[in-house]
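Below is one structure, written out as structure tokens; the observations come after it.
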Amino acid sequence: MNCQQAYQLISAAVDGELSCHEKEKFFQHLAECTTCTEEFNDAMKTKLIIKERIIRFTAPQTLINSIMHLTHHCAQESNL
């Protein structure tokens, strides 16, 4: 794996979305490349900062019900 390939996988790696094969190759590359390791570490830090500072709100049940109704209705129309 080269730096360009590793760079394309950083976001997926941060989110834990790599396949076993991709993960193995990605972390092998990081073991040999300080530049990509720094990029990955920065991305991990950014994710943690966002996670710590984000304010989460619970959607009102009426909104949830409305969305569920609309998506169910659209799914039924797709099956026709």
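Read-outs: derived from the displayed coordinates by stated rules, not from any lab. Predicted, not measured: the structure shown is a model, and the values here were computed from it. Note: ideal-geometry Cβ built from the backbone for every residue, glycine included; neighbour counts use all protein chains shown.
Candidates (1) -0.38, -0.63, -1.31; (2) -0.47, -0.67, -1.22; (3) -0.19, -0.37, -1.49; which is the computed log10 I(q)/I(0) by the Debye sum over Cα atoms at q = 0.10, 0.14, 0.27 Å⁻¹?
(2)
Express the relative contact order of the stretch 3-78 as a whole percentage, based on alpha carbon pairs under 8 Å and six or more residues apart in sequence.
Relative contact order here is 29 percent.
Mind putting a number on the dipole of the chain about its Cα centre? Charges go on the C-beta only, +1 for Lys and Arg and -1 for Asp and Glu, and I need it in Debye to the nearest 20.
320
If we count other beta carbons within 10 Å of each Cβ, what is the order of MET44, MET68, MET1, fewest first?
MET68, MET44, MET1
If you take the charge dipole of the chain about its Cα centre, with +1 on Lys and Arg Cβ and -1 on Asp and Glu Cβ, which of ASN41, GLN8, LEU30 is farthest toward its positive end?
My answer, from the dipole projection, is ASN41.
Between ASN2 and LYS25, what is the label-point separation in nm under the 7 Å Cα-to-beta-carbon projection?
Placing both labels 7 Å beyond Cα along the Cβ direction yields 1.3 nm.
Quick check on the chain: helices-only [θ] at 222 nm, where DSSP H runs of length 4 and up contribute -39,500 (n - 2.57) each and the sum goes over total residues. Nearest 500, please.
Value at 222 nm, helices only, nearest 500: -26000 deg cm²/dmol.
List ILE55, ILE67 from most exposed to least, where exposure is judged by having the fewest other Cβ atoms within 10 Å.
By the 10 Å Cβ count, ascending, the order reads ILE55, ILE67.
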